[in-house]
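Quick notes on the structure that follows.
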Amino acid sequence: MKTLYKNTISLYLIGVCCMLIFATSCKKEKEGQGAPSITRVRTLVRPGDTNVTPLDSTVTSGDVGVTYVIEGVNLKSTNKVEFNGASAYLNTALFSDNSIIVMIPTTATWINQTGKLTLTNSYGSTSFSFSIKQPAPVISDLSQFAGNPGDVITITGLRFDQVSSVKFGTTEARVVSSTSTELKVTVPTGALGAVSVTTPGGTGTGPYVSYDGVVVPILLPFGFRHLFYDDQITAGYDFNFGGADADVNNTEMVKRGNHSIKLTYTGSYAGYAVGSNTPVDLIDKTYVKFSIYGTTGTEGKVVKVALGDFDNRNVSVVLHAGKWTNYVVPIDRFQSASQPGKPTSVNWIGFQELSGNAPETIYLDDIGVY
């Protein structure tokens, strides 16, 4: 009797366990079954932040490259998520039956968009109203970084769609033509300062350049507060030493206008400078600006740029072959232990060959301070 009783209890327990396992198995099998449905899209809580923040909120539009949470039902078996037709990368480890985490792909377009988020699994698909925000514009280059009123210059970059404003400093410019990556604008009277482009995505300024490829890129402003060389040496003089030959009326390779300086270093470490007969006050100036075109063999070579002192007030810049490169260097970087502090005035700006690379030819244009 005792044996029979124990066997009965054992069989009962085994049956209960089987029922629990079967029930759990059925629940797992049912997860993700059925057509998906979206109830909302929200942003993620900042990692490590235990407080409720504005980031954890319902949104109806989003930015490319940003991660969002899609909430709904039957989401665990999702095999495709599309934002305006662009497929997002799916990490199933971030899926549950009621939420999935995805990043809007950088290929998702905000131009002529459908405004639809589409989610698909093996049982069907669903769409949800969700638009892509236009990112802020980016300015990568200007065809010239100085000019006369009425000159038409080209601004290149990204996301110029639906441009509403272009400014030089605080002065509005007239847009002649526009595409997503290029603007042609007329230089306004009084153009001076950072160039900015405004679209529905925001406002972008630029371009930013690094004079040696190492320093953090610096905003390159438009215009000059004093020019040492434009199409000619401006009210001043020039000099050379150690085997430098300068043609100040060169027409072979010109950045802007009709002339540039063709500078040929026939001796290594030779130098050349353009100056002003009257010292130029630097108290209200911020940058030294100039353009250099490097010929074949100059890529990666170094030129020392000096403010009235080749030994103590100089900065080294890196050349690039086959193109005009615009340089901007903060004036307060022209100092040494022997000559500390930002220079308050300058008579000349010099360029010395520093790589021992002679013979070497470069072209100079638009030399001045801002």
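The values are calculated or read from the model by the stated rules, or taken from the named source; none is laboratory data. It should be emphasised that the depicted structure is a prediction, and the values quoted were computed from it without experimental measurement. Reconstructed Cβ throughout: ideal geometry from the backbone, glycine too, with neighbour counts over all protein chains shown.
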From the list 352, 339, 335, pick out the single residue that is crowded, with 17+ Cβ neighbours inside 10 Å, polar (S, T, N, Q) and over 25 Å from residue 254 (Cβ atoms).
335
Can you pull out the strands (runs of 3 or more DSSP E) entirely within segment 202-271 that have at least 2 residues that are of a type in the set (Asp, Glu)?
244-250
Is it the case that some residue within segment 65-72 is assigned to a loop (DSSP other than H, G, I, E, B), under 30 Å from residue 200 (Cα atoms), touching a Ser or Thr at 6+ places or on another chain (Cβ under 6 Å) and in the same structural domain as residue 44 (by TED's automatic domain parsing)?
yes
Failed condition for residue 357, given (1) in contact with a strand residue (DSSP E or B) (Cβ under 9 Å, 6 or more places away or on another chain); (2) under 16 Å from residue 310 (Cβ atoms), with all others met?
(2)
If we ask which residues in segment 73-96 are crowded, with 19+ Cβ neighbours inside 10 Å and either small (Gly, Ala, Ser) or part of a loop (DSSP other than H, G, I, E, B) (or both), their number turns out to be 5
Checking 206, 202 in turn, the sole residue that is under 19 Å from the mean Cα position of the chain (by Cα), buried (at least 20 other Cβ atoms within 10 Å of the Cβ) and either within 30 Å of residue 163 (Cα to Cα) or in contact (Cβ under 8 Å) with a residue 60 or more places away in the chain (or both) turns out to be 206
Checking residue 149 against (1) in the same structural domain as residue 202 (by TED's automatic domain parsing); (2) of a type outside the set (S, T, N, Q); (3) touching a strand residue (DSSP E or B) at 6+ places or on another chain (Cβ under 7 Å), only one condition comes out false. Which one?
(3)
Could you list, in sequence order, the residues of segment 116-134 that are outside any strand (DSSP E or B), of a type outside the set (S, T, N, Q) and crowded, with 18+ Cβ neighbours inside 10 Å?
130
